[in-house]
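One structure is given below, encoded as C-alpha cells.
Just so it is clear, none of the values below were taken in a lab; they were calculated from the coordinates. What you are looking at is a predicted structure, and each value in this text was computed from that prediction instead of being measured. Note: ideal-geometry Cβ built from the backbone for every residue, glycine included; neighbour counts use all protein chains shown.
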Amino acid sequence: NAGVTQTPKFRVLKTGQSMTLLCAQDMNHEYMYWYRQDPGMGLRLIHYSVGEGTTAKGEVPDGYNVSRLKKQNFLLGLESAAPSQTSVYFCASKGPPGLNEQFFGPGTRLTVL
Amino acid sequence: EDQVTQSPEALRLQEGESSSLNCSYTVSGLRGLFWYRQDPGKGPEFLFTLYSAGEEKEKERLKATLTKKESFLHITAPKPEDSATYLCAVPMKTSYDKVIFGPGTSLSVIP
C-alpha cells in the first residue's frame, strides 16, 4: 500500500497563476483533509471531505477550492495564487468516524513569487 | 476559542538525557488527544491516541500521559534518531473528525 500520496512535491508559481494539488489514498478512507503548515503556526485545516462528493470549509478556506469526485482522490485548487499562500501543504485521510488517527502524505512545498 | 499550545518550542538534549514535552489545551470537555512525530521534509506520523484523563501509552523510549488540562510526552534516554518535531492534536468541540494541532516542539538529541 502506498498510503497517502501527493503530487507535485514542489512547485513555484507567480502571483495570479493557478494550480491544482492532487492527493490520493489507497486505504478506502472516507475522510480526507487538506492542511497548510507555516513556521510557528502548526497545521491549519483548509478544507475537508467526509465522503465522495462532499466537501466542507475548515479554518482557513479563503483562496482555495476543493473537489472529491472519487473516494480515493481529493484535489486542492488555487485559482489565483498569492504570496500569502506560500506554504507546505499536507493531505491526510482517516478511516472510520470518531477518535481515529489521520494518515498524512509527504507534503507539497509551494512558493508563490 | 479552542487552542492548543506546546512547550518548549525547541529542546536540545544530550543522548541519554531524559525530559518531557508539554501540550496544553483550552478545549472544553476534552475528548481525547493525539501525538504525532514529524521528521524534516515529511508528513506527520501517528504515535499515540489518549482517550481519557489518567491514561498512559508507551512506545519504545516515549511515554504519553493525559490529564484534564494537559498532556506530557516523556522521552527516556533519548537517542539521536528521536530528533524530530512532536505535534499534539485535540478533537474540535464540534466534531471528533476534525482536530486542532499545536505548533509543535522541535527536539534535537545530540550524540
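What FRET efficiency do you get for B:E9 and A:L69 if R0 is 41 Å and r is their Cβ-Cβ distance, rounded to the nearest 0.05? Mind dumping the intermediate values first?
Values: r = 40 Å, r/R0 = 0.98.
In this case the efficiency is close to 0.55.
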**Study point:** Violating pairs (Cα-Cα greater than 28 angstrom) within the set A:K70/B:K63; A:K14/A:K71; A:K57/B:K59; A:K94/B:K69; A:K94/B:K79
**Key:** A:K70/B:K63; A:K14/A:K71; A:K57/B:K59; A:K94/B:K79
Review point. How much length, in nm to one decimal, is gained on full extension between B:R31 and B:E45, taken as 0.36 nm per residue of separation minus their Cα-Cα distance?
Key: 3.0 nm
Review point. What average number of partner chain Cβ atoms lie no more than 10 Å from the Cβ of the residues making up B:87-96?
Key: 2
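Quick one: divide the alpha-carbon radius of gyration of chain A by 2.2 N^0.38 Å and tell me what you get. Kindly include the intermediate steps, with their values, before the conclusion.
Numbers: Rg = 13.2 Å, N = 113, 2.2 N^0.38 = 13.3 Å.
After normalising by residue count via 2.2 N^0.38 Å, the value is 1.00.
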Check your understanding: Using modelled amide H (1.01 Å from N, peptide plane; none on Pro or chain starts), what sits under 5 Å from the amide H of A:G58, excluding residues fewer than 5 places away?
Key -> A:H47, A:Y48
Study note, to complete from the structure: Taking r as the C-beta separation of B:I110 and B:N22 and R0 as 35 Å, the FRET efficiency to the nearest 0.05 is 0.95
Check your understanding: For A:41-47, what's the mean count of beta carbons from other chains sitting within 10 Å of each residue's beta carbon?
Key -> 5
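Starting from the coordinates of the alpha-carbon atoms of the protein assembly as shown, obtain the Kirkwood hydrodynamic radius over all distinct pairs and give the value in Å to one decimal. Present the calculation step by step, with values, prior to reporting the outcome.
Details: mean 1/r = 0.0556 Å⁻¹.
The Cα-based Kirkwood calculation yields 18.0 Å.
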**Study point:** Hz values of 3J(HN,Hα) by residue in the stretch B:75-90 - Karplus curve (6.51, -1.76, 1.60), Gly and Pro given as x
**Key:** 10, 9, 6, x, 10, x, 6, 7, 4, 4, 9, 10, 10, 10, 8, 10
